[in-house]
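What follows draws every value from the coordinates through simple rules; no lab data is involved. Note that the coordinates shown come from a computational prediction; the quantities given were computed from them, not determined experimentally. Here the Cβ positions follow ideal geometry from the backbone for every residue, glycine too, while neighbour counts run over all protein chains shown.
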Amino acid sequence: MWPLDVAGPFPVTNGGERYVIAALERVTRYVVARCVMQHTAESVETFLVEEVVLKFGAFRELLTDGAPELTGNAIKQLVHLFQTRQMNTVLYRPQMVGLVERFHRSWKDCVATYIAHEQQNDWNLWIKIAVYAYNSAKHLTVALTPNELMVGRRLRSPNKRL
């Protein structure tokens, strides 16, 4: 199961991005995320295909908060195409997609002071670093890192190479 959520809007980046889409594989806690310009069903569909399906295969279940842009025709067609199931929580109730909400909180904490300054419009560069940090950190509930569980190996920290 892949809970999915969209965070934003944030200050516009140099590339025009204002939102962050994130999905988290529920068993391993592995996260994928991407900055996007618009919060639409089409941007979510592209994200799911490029960041989840083409890397890990078709998901069995997609959990969303029931927001209209996450239940549109593009998403319905994608779910039908991959013969998966979409489950919607109570509309706009973030507790139901709590794991991915916690990830959003984690990366926001990492870049909060950076985003706070109006002239900082390249905060999107830090999202991939936040994903790397999250996927390489040991989670107490599973006693391993998400990367170990998802791809079978621990990520080496650049600091350990120094």
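What the Cβ-Cβ distance of Leu155 and Ser106 gives, at R0 = 22 Å and to the nearest 0.05, is a FRET efficiency of 0.85. In the chain, excluding the sites themselves, the longest stretch lacking any of the trypsin sites (Lys or Arg not before Pro) that are in a DSSP loop with at most 12 other Cβ atoms within 10 Å is 61-137. Dipole of the chain computed with +1 at Lys/Arg Cβ and -1 at Asp/Glu Cβ about the Cα centre; of Met150, Leu4, Val131, farthest Cα towards the positive end is Met150. The 3J(HN,Hα) values that the Karplus relation (6.51, -1.76, 1.60; θ = phi - 60°) gives for region 35-42 are, in residue order, 7, 9, 6, 10, 9, 10, 4, 5 Hz. Gly and Pro appear as x. Counting only Cβ charges, +1 for Lys and Arg and -1 for Asp and Glu, the dipole size of region 1-52 around its Cα centre is about 200 debye.
Computed over the alpha-carbon pairs of region 1-74, the distance histogram in 5 Å steps reads 3, 16, 28, 26, 16, 8, 2, 0 percent, short to long. Taking the Cα centre of the chain as origin and assigning +1 to Lys and Arg Cβ atoms and -1 to Asp and Glu Cβ atoms, the resulting dipole is close to 800 debye. Listed by chain and number, the aspartates and glutamates placed with their C-alpha closer than 16 angstrom to that of Lys55 are Glu25, Glu45, Glu148; residues fewer than eight positions away on the same chain are left out.
When P(r) over Cα pairs in 5 Å bins from 0, in percent is calculated directly from the model, which label among (i) 1, 7, 11, 13, 14, 16, 15, 12, 7, 3, 1, 0; (ii) 2, 9, 17, 21, 20, 16, 10, 3, 1, 0; (iii) 2, 8, 15, 16, 15, 13, 12, 10, 7, 2, 0 fits? After the calculation, the listed value that fits is (ii). A crude spin-label estimate for the pair Lys55 and Gln83, with each label 7 Å from Cα along the Cβ direction, gives 2.5 nm. Given Cα pairs under 8 Å that are at least 6 residues apart, what percent is the relative contact order of region 2-161? Result for region 2-161 is 24 percent. Using the Cβ of Val36 as centre and a radius below 10 Å, the other residues enclosed give a net charge of 0, where K and R count +1 and D and E count -1.
Amide H to amide H distances under 5 Å link Leu63 with Trp2, Leu4, Met87, where only residues 5 or more positions off or on other chains count and H is placed in the peptide plane.
Fully extending the segment from Val27 to Ser136, taken as 0.36 nm per residue of separation minus the present Cα-Cα distance, adds 37.7 nm.
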